[in-house]
Structure formats: structure tokens, C-alpha cells
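The values are calculated or read from the model by the stated rules, or taken from the named source; none is laboratory data. Just so you know, these numbers come straight off a predicted model, no measurement behind them. Cβ sites come from the backbone with ideal geometry, for glycine too, and all protein chains shown count toward neighbours. Side chains included, ligands, DNA and RNA excluded: accessible areas come from the protein's heavy atoms. Shrake-Rupley method; radii C 1.70, N 1.55, O 1.52, S 1.80 Å.
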Amino acid sequence: MSTPQNQPPPPLSQNFLDSASHHDEENFENDFENDFEYQNTETLNKIPFILWVIGIGFIVACLMFGNGNSISQIFVAIAAIFCLTLSYRHPRQALWVFLIYTPFAGTVAYWIGNDHPIFHLAKDGLYFPALIAIIQTARQQRLPLIIPKSLKIPLLSLFGIALLTFVYVNGGQQLSSNPDGQPLLIGIFGLKVLMGYIPLILCAYVLIRNREELHFLTRLQVVLAIICCVLGVIQYWLVVTGKCPDNTGLPDHLLLRANLQRKCLVGGALGYYPANNFIRLPGTFVAPWHWAWFLISSSFFCFATAFSDPKLYWRTAGWLSLSLVVLNSILCGQRTALLAVPIIFVVLVIATSHIPQLKRLVIILLGIVLFMGGTHLLFPSIISQRLESLVSRWNASPPAEFVTEQAEWTVRKHQGVLGNGLGRATNSARALGDTKLVETYYPKLLYEIGPLGVIAFFAVVTTLTFQGFRAYHQVQDPSLRGYGVVFWVFVFLISYNSYWYPLDTDPVAVYYWFFAGVLLKLPHLEREEIKTLAESENMDEQKPELSSSQGN
């Protein structure tokens, strides 16, 4: 019998739901795709969504107007309400917008938001509602929230230690006679910085459903890199030609520092003092350090597209983006980018040399060498200045010695097994109270959450690195394997990097966890393609049999 029209359709993947607790992440995506869309549609269609949003926005506007808030503040509040609700209702689209917005968050915060704190958290208004929607659907369908399963114990251990630190250390500071700021708020902010973006592993696993979406992701990163790098070059031109003022006229302690008083075109803190050959460009980000790590991370994604994309014009775009990344690493004045970007290219060439497309790799490497040589011929003074700055800085403070000094200082200063409190070494939490600037990541963790927390975090990244290694080795398709190698090298290098704190700041804090999830998804993409191909072949074989039987 057919189902009556007035009855609701049967729930999707019912057999899976009955035994979901016995399934691992390999079976996660098929059921989650269907159940996610179905569950959200069934739940949200029961509510006149737009009426609720308009009503809540009207009430908030009335309350703010009654309290004397300005029209611009009311407008921002209403826009935030719409952003939160739309992100919750359309989590996939919100995640794509989140990835697009991340490189421009600093520009929006300083040029549109006038450094208001809410604009620094605007991207989280896209991310967290989408994450809540994904988690709710996963829990309703009894699907795993932690991927891979082996990450569960290290991750819960880290969360437990962080929670104990928050309760006993931050809570004790709050109850003391001299709380030194707002310890509980600092702890909440520190917990968000430490673990807030780890669920991006799950989000990426859900978002990338097939090879086409993987290509869209990598091409999107290439387009973003090209746009940001072109803006970075224009910013450099405006600064050196005097269109934007340099640091001349500032107090002596600001002459050789990037600061917001000299921001130019895009981004935030900028520094340029030609008398000392000093330049620090922020690009589209809040500060030069963030821009340097965007260039470093973009070198991985642009390389992946230039090497593994099936379309020639996108491989060409990948090559163009690589050239712009190299050019900006030279112009921006950040020694870390100048040193790291060429080394990353060499490492990736070696790591991907076992994949049978060596000729393309050689061409890419040769092109980069020729590009850097041409840059040296056209701008010899710039190259020599950057190299002199790099050598002088290296001699003054070698990275190994710098990390060792930071570690020794942290060992002397950290208190107890649980550390000095969440957020107490998180630079972005300095507005909430006294924080220490620890410029190396693992010593920073030791200062905040103690030795047990460092061990737990190390277990998390080690498990993730090992599972990522297993994932890309399971892939046989050369193109997917090429993506996997590049993503794994990125995860590996960031996991054990202790110089500075990229996992605390944009964009690496986003890209690391997200592309770890993409890396873990690659074997599933290949299995689904093989399964689809086998099904299509079976259907092709059945068609002649059906035709002959019908003829008989």
C-alpha cells in the first residue's frame, strides 16, 4: 500500500538510528547528511522563523532605545540577531561564510567596527550557532561528536584539566582579596581560545561531502590568498610612497613598533620607519604576526591547488597565488614568513615527490626560484634589507635559545600542578586583567594550565597527527593523496611548533583544526566514489538484461 498523503514521511536512515552507537566515523557522513537536513527542516518549519526573529529584534531595539543607545548600536544589535539565527538555521552556508570572513576580520574590526570588541568576535557569530545546530542534530541522531574515536580520551582529559584550572585557579583568584582583574571572564576567554575551535574537526567532516566541495574549498583559499596578497602589495606601495604616513613623529618607544595610529588601507597595526629600514605590514589582519602566519598557512593551500587540482586554469591560479605569497613574505617585513615560506615549499616538494607527478613539482619549484630571482633583480635593495634584518635578528636571538629562555622563565613562574589560570598568558584577554606575554606556545600552556595540561594537549595533537597520517596513507587516488600529504604536513608542523603562538590566533587557530577534519575525511571521499562507481557499473550491466527480458 502507498503512504497516505496526509501522513508525514518516514524518518530517514531508520536502520542506522537503531544501531548508531555501534557505528564509527566511517559511517558517519552518509547518515548525517540526510538526517541533518531532514531534522532541521522538520524542526524549523514548525516555527514561523522570520516572525520570531523580527519580534526578538523589535524587542531588543525597543529596550536599547529606551536605555539611550545610539541608532548605530541598535542596528549592530539587530544585525547580530539576524546573523546568529541565520547561522543556526543554515549551518553549512554559515561555515562557508565563516571561512571567507576570517582573513578580513581584522580589516572589518578596525575600519568598520572602530576596534569595538564585538567586531573582533563577529566571526564567532557565524561559527558557534552553526556548531550548535550540527551538535544538536548529531545528538538527536546518536551520531559521534568526536572524530576520530581515538581522540576522545585525550580531548576529554584536556577539557577536564582545563575545567579544574578554571574552577580552582581562576575561581580562587576571583574570590581572593586581590583578584587582579576579572579572573572568571579571563578563564572563559582562555578556554574559548584553547579549545573553542577544536569542534571545527567535526564541522569540516560534515561540510566536505564530496570531491567537488573539496575542490571548492581549496580554490576558495586560493582566491582569498590572491585577494589578500594583492591588497598587501597595494598597502606596501601606499606606505613606501608616502600615501600613508610612517612612524615619524611618534614617541621614541613607538618608532620601531607596529601600531594602530599608522594603519593603512586594510588591516590594523602597521609600522614603517625608513630611517632604520623598519617595516611591518599587517595585510588584512589585525597585526603583522597574523599576516605572516596567514602567508605561511596559505603557502600550503596554494601549493595543494597548484599541484593537485584537475583544472589547468585553477592550477595556474594556484601558481599565481604562490608567487603572490612569496612576494608578500618579502615585502611585509616579517622575518618568520621570509624564512618559513621558502622552506615550506622545499618540504612540500620532498613530501610529495613520491606521487607520480614529479614533473609538475619540478616546474613549480623552478618557477618559484625564477620568481624570487627576478624579484631580487628588480628590487635588490629590498631583498638585501630583509636578509640583513633576518640575519641580525637570528644572531641577536636564535629561535632555539629564545624558546629555551621562555621555557625556563615559565618553569620558574608557573604555580602548582594546574598552572596560573586559564587566559593568564593569552594576549587577547589583556583587556580583562593582568596577563603575561609568553611568545612560545608550549611554555604558554605550561604557565596557564600546568604540566598536566601540556601533556594532555600534546596527546591531543599527537593523536590527531597520527590519525591524519593514517588517513592520507589509506588514500590511493593520486589527486586526493596529494591534498592529504600537504594537509598532513601542515597539521604536523603546527602541532609541534613552539615558536610564537599561532594556535591562539587567527587564522591558524581556524585553519589547523578545520583542515585536520578535511584530512580525516579524505578516505571516506574515496570510498564513496568507489561505491558510486560500482553502483553505476552494476546498473549498466543490468540494463541489457532488462532490455532482453522485456523483448522476450
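Sub-9 Å Cβ pairs linking a first residue in region 236-252 that is under 8 Å from CYS264 (Cβ atoms) to a second residue that is among the acidic types (Asp, Glu) and open to solvent by less than 70 Å² (accessible area, probe 1.4 Å), at least 6 apart or interchain, are VAL239/ASP246, ordered by first then second residue. For region 195-205, indicate whether the set of residues that are assigned to a helix (DSSP H, G or I), hydrophobic (A, V, I, L, M, F, W, C) and closer than 23 Å to GLY416 by Cβ is non-empty. There is at least one residue in region 195-205 that is assigned to a helix (DSSP H, G or I), hydrophobic (A, V, I, L, M, F, W, C) and closer than 23 Å to GLY416 by Cβ. In this structure, does GLY232 turn out to be farther than 22 Å from ASP506 by Cβ and either outside any helix (DSSP H, G or I) or in contact with a Cys (Cβ under 9 Å, 6 or more places away or on another chain) (or both)? No: the conditions fail for GLY232. If you filter region 459-502 down to residues that are of a type in the set (S, T, N, Q) and assigned to a helix (DSSP H, G or I), you find that the one that is nearest to the chain's Cα centre (by Cα) is SER495. Residues of region 384-419 that are hydroxyl-bearing (Ser, Thr, Tyr), open to solvent by less than 60 Å² (accessible area, probe 1.4 Å) and farther than 24 Å from ALA456 by Cα: SER384, SER389, SER397.
The set of residues in region 263-308 that are under 14 Å from GLY333 (Cβ atoms), in a helix (DSSP H, G or I) and open to solvent by 40 Å² or more (accessible area, probe 1.4 Å) comprises PRO274, ASN276, TRP289.
For region 120-145, the set of residues classified as among the hydrophobic types (A, V, I, L, M, F, W, C), part of a helix (DSSP H, G or I) and open to solvent by 30 Å² or more (accessible area, probe 1.4 Å) consists of PHE128, ILE132, ILE135, listed by residue number. Going by the structure shown, is ARG219 touching a residue at least 24 places away in the same chain (Cβ under 8 Å), open to solvent by 60 Å² or more (accessible area, probe 1.4 Å) and among the basic types (Lys, Arg)? Considered against the rule, which asks whether it is touching a residue at least 24 places away in the same chain (Cβ under 8 Å), open to solvent by 60 Å² or more (accessible area, probe 1.4 Å) and among the basic types (Lys, Arg), ARG219 comes out as no.
Does at least one position in region 146-154 carry a residue that is surrounded by fewer than 16 Cβ atoms within 10 Å (Cβ to Cβ), of a type in the set (S, T, N, Q), touching a residue at least 60 places away in the same chain (Cβ under 8 Å) and closer than 25 Å to VAL508 by Cβ? For region 146-154, residues surrounded by fewer than 16 Cβ atoms within 10 Å (Cβ to Cβ), of a type in the set (S, T, N, Q), touching a residue at least 60 places away in the same chain (Cβ under 8 Å) and closer than 25 Å to VAL508 by Cβ: present. Among the residues examined, TYR110 qualifies as of a type in the set (Phe, Trp, Tyr), closer than 30 Å to PRO288 by Cβ, in contact (Cβ under 8 Å) with a residue 40 or more places away in the chain and part of a helix (DSSP H, G or I). Taken over region 287-325, residues that are touching an Asp or Glu at 6+ places or on another chain (Cβ under 9 Å) and of a type in the set (A, V, I, L, M, F, W, C) amount to 3. When you scan region 169-183, do you find a residue that is surrounded by fewer than 21 Cβ atoms within 10 Å (Cβ to Cβ) and under 29 Å from PRO103 (Cα atoms), even just one? No: zero hits.
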